[in-house]
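The values are calculated or read from the model by the stated rules, or taken from the named source; none is laboratory data. Because the structure is predicted, anything quoted here is derived from the model rather than measured. Backbone-built Cβ (ideal geometry, glycine too); neighbour counts: all protein chains shown. Note: areas computed on protein heavy atoms with side chains; ligands, DNA, RNA excluded. Shrake-Rupley method; radii C 1.70, N 1.55, O 1.52, S 1.80 Å.
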Amino acid sequence: MIDQLGAVGRIASKYFVVWVVAAAGAALVRPDPFIPVLDYVTPLLGLIMLGMGLTLQPEDFERLVERPVDVGIAAATQWLVMPLAAYGLYLLFDLPDAIGIGLILVGAAPGGTASNVMTYLGRGDVALSVAVTTLTTLAAPIVMPAWTLFALGETVDVTFAQMFGSIVQIVIVPVVLGFAIRYVLDRRAPEAAEAGVDVFPLVSVVAIVAIVAGVVGANVDNILTAGALVLLAVVVHNGIGLGAGYGVGLAARMPEDRRRTCAFEVGLQNSGLAVALATSLFSPAAALIPALFSVWHNVSGPALASFFSWRDDESERSTGVAAAPTDD
């Protein structure tokens, strides 16, 4: 049974963007059945973060110490580039405050598991990716409230303490719990630990698809009236992150595989967390851009990973030497 669920999970993850787009389309046509999902966004994201915690092992935290420079560069780039780009686009496109909140939340969000997957598919440094995602996730209770309140100030009624508490409950507690469960299972029931890692991708896919459908269903009017401008903001924001991440890695003279890792870590955000905060602390309209970002970065991420893999294959065919070796 576990093997079958694992196989279904791999298929679900492989065609993730298909399920997301299909659910979003269905929600546009018939929104009412999907809107109630918004009442469960916080527990659904908590379940996703529990799954992320299950993938973590003590070695992942050791890498934070072993690679402080590269981890710090990638994390600092994400913490600076994405929030500033979000704020700039919010002003440039003159977005309504309710929608602009969502853009700022995405910009200030930590890296998500999508960055780890795309790093693997794009032949980047997976160990570095996991380390950066771990650091930015643990720092999220400080970084997200700080940037959101700095950018939006008096236009929001939420306090730093409220955002801090929400992020700790939604992210830190489930991640730590997942890590603790994995730690115990690895030592007492390793087969159960592997089963959990195999099954949770399916759980995460179902949860994210449901969240996106709920947000789209609640924002049909906003999508129809401001859809093109909002989508443009999402695409540009994501592109800035991917490009800036790779560019900073190049400027820092990182090996090719680590440049790719920086691109994915900076450009692919934990948009699910932004959705949860938007719906619980602000409004459904604030969740629109995070939901669209979740759809789009699962298009741009695989596209870039495929390009990197194709470029390596072409280089290997022309030179006979494997490209982008991983420097562990």
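Just for the Cα atoms in the range 43-162, what are the lengths along the principal axes, largest first, rounded to whole Å?
Largest to smallest, the principal-axis extents are 42, 30, 25 Å.
Round to a whole number: what % of the accessible area of the range 25-114 belongs to carbon and sulfur, probe 1.4 Å?
67
Decide, for the range 164-300, between rounded, prolate and oblate: order the square roots of the alpha carbon gyration tensor eigenvalues as a ≥ b ≥ c, take rounded if a/c falls under 1.5, and otherwise choose prolate if a/b is larger than b/c, else oblate.
On the way: a/c = 2.16, a/b = 1.20, b/c = 1.80.
In terms of gyration-tensor shape, oblate.
In whole Hz, what ³J(HN,Hα) sequence does the range 284-301 give by Karplus (6.51, -1.76, 1.60; θ = phi - 60°), x for Gly and Pro?
x, 4, 5, 8, 5, 5, x, 5, 5, 4, 4, 6, 5, 6, 8, 9, 5, x
Give me the compactness ratio for the range 162-202, meaning the Cα radius of gyration over 2.2 N^0.38 Å.
On the way: Rg = 12.8 Å, N = 41, 2.2 N^0.38 = 9.0 Å.
Relative to the rule-of-thumb radius for its length, the range 162-202 sits at 1.41.
Modelling each spin label as a point 7 Å along the Cα-to-Cβ direction, I'd like the R187/A161 distance in nm, to one decimal.
Placing both labels 7 Å along Cα→Cβ, they lie 3.7 nm apart.
Kirkwood Rh, the range 92-155, all Cα pairs: how many Å? Walk me through the numbers on the way to the answer.
On the way: mean 1/r = 0.0757 Å⁻¹.
That comes to 13.2 Å for the range 92-155.
Can you give the accessible area per residue of the range 39-82, in Å², using a 1.4 Å probe?
Numbers: 1960 Å² over 44 residues.
About 45 Å² of surface per residue is accessible.
Quick check: from the Cα gyration tensor, does the range 229-328 come out rounded (a/c under 1.5), prolate or oblate?
Since a/c reaches 1.5 and a/b is larger than b/c, the shape of the range 229-328 is classed as prolate.
Expressed as a whole percentage, what fraction of the accessible surface of the range 117-156 belongs to carbon and sulfur atoms when a 1.4 Å probe is rolled over the protein heavy atoms?
The nonpolar share, carbon plus sulfur, comes to 72 percent.
Let me make sure I get this right: for the chain, a, b and c are the square roots of the gyration tensor eigenvalues over alpha carbons, sorted descending. Under 1.5 in a/c it's rounded, otherwise prolate if a/b > b/c, else oblate. Which is it?
Judged from the Cα gyration tensor, the chain comes out rounded (a/c under 1.5).
What number comes out for accessible area per residue over the range 94-227 if the probe is 1.4 Å? Units Å², please.
Working: 5420 Å² over 134 residues.
For the range 94-227, the solvent-accessible area averages 40 Å² per residue.
How big is Rg to Rh over the range 200-269, alpha-carbon atoms, Rh as the Kirkwood inverse-mean-distance radius?
1.15
Before anything else, pin down the relative contact order of the chain: Cα pairs under 8 Å, at least 6 apart, normalised by residue count, whole percent.
Answer for the chain is 34 percent.
Subtract the Cα-Cα distance of S306 and D60 from 0.36 nm times their separation in residues, and report this length gain in nm to one decimal.
Separation in residues times 0.36 nm, less the Cα-Cα distance, equals 86.0 nm.
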